[in-house]
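Participant: I'd like to ask you about the structure that follows.
The values are calculated or read from the model by the stated rules, or taken from the named source; none is laboratory data. Note that the structure is predicted; figures quoted are calculated from it, not measured. Every residue, glycine as well, gets a Cβ built from its backbone with ideal geometry; the counts of neighbours run over all protein chains shown. Heavy atoms of the whole protein, side chains included, go into the accessibility calculation; ligands, DNA and RNA do not. Shrake-Rupley method; radii C 1.70, N 1.55, O 1.52, S 1.80 Å.
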Amino acid sequence: MKKQLLMATLALCATQVQAANLSKSYLEIGYSTTEFTDNTYFDKKTDLDLLGHQISLSYEFENGFYSGLHFKRHRDTFIIYFLDQDVDYDENLLELGYVLNKTEKGRLSVGAYIGEMDIAIKDNNSDANIYRLYTEYDHGFNKYFSAFAKVGYESIDGDNSTKEDGFWAQAGIRAHLGASSLSWGFSRGEVAEQIAFAYRYSF
């Protein structure tokens, strides 16, 4: 009996020093916002703060490759000539990446997003293709907290606007409790900046 108690105590202590779960296999749902950073799609007088939900599903293979699907659905209302106008923003992205190096404390990855965004006002739609290349580093401070950062290049090619190319970055923090975690993240590119609060279940 004493031996069993000792083994259980050692096992518990071992779990206390484990790093946070940084796996790319997860299901994530959350709340996020989009704000446009220039007047490509709206003039500077139009103050839009689109709100909505997001969902992501990602899977990491044993060889270090990972793939994910990411969806965002945001909406806001503004007034033109005393009439309410609903603005819908949809974002659909496919992510492909590879974990270059991983240790007990962190993981270095490279990856890419490809997809589209759609902005709709009544019957008027504006579509754009999104391409991103990035380098990412996830760092686990301990079992309960981690941080992540992505830096890279973004290209947005719209049907009714000029092509936008430039720097894109994302950073955030994550609080872990077993397989579950809560995160806050911020991203900024050539067209928009986004803030997200999300719940993630890693598997």
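Participant: Quick one: how many residues across the stretch 136-159 are exposed (fewer than 15 other Cβ atoms within 10 Å of the Cβ) and more than 17 Å from Ala19 (Cα to Cα)?
Facilitator: Residues meeting the conditions: 2.
Condition check ((1) part of a loop (DSSP other than H, G, I, E, B); (2) modelled with pLDDT of 90 or more; (3) open to solvent by 30 Å² or more (accessible area, probe 1.4 Å); (4) among the hydroxyl-bearing types (Ser, Thr, Tyr)) across all residues:
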{"residue": "Ala11", "(1), (2), (3), (4)": "no, no, yes, no"}
{"residue": "Thr15", "(1), (2), (3), (4)": "no, no, yes, yes"}
{"residue": "Gln18", "(1), (2), (3), (4)": "yes, no, yes, no"}
{"residue": "Leu27", "(1), (2), (3), (4)": "no, yes, yes, no"}
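Participant: With respect to Val191, is the statement that it is under 20 Å from Thr37 (Cβ atoms) and surrounded by fewer than 18 Cβ atoms within 10 Å (Cβ to Cβ) true?
Facilitator: Criteria not met by Val191.
Participant: Only one of (1) at pLDDT 95 or above; (2) in contact with an Asp or Glu (Cβ under 7 Å, 6 or more places away or on another chain) is not met by Val87, so which one is it?
Facilitator: Failing condition for Val87: (1).
Participant: So which residues in the stretch 160-179 are open to solvent by 80 Å² or more (accessible area, probe 1.4 Å), in contact (Cβ under 8 Å) with a residue 12 or more places away in the chain and assigned to a loop (DSSP other than H, G, I, E, B)?
Facilitator: Within the stretch 160-179, Asn160, Thr162 qualify.
Participant: State which residue is nearest to Asp157 (Cα to Cα) when the search covers only the stretch 90-108 and only residues that are touching a residue at least 60 places away in the same chain (Cβ under 8 Å) and touching a strand residue (DSSP E or B) at 6+ places or on another chain (Cβ under 7 Å).
Facilitator: Result: Gly97.
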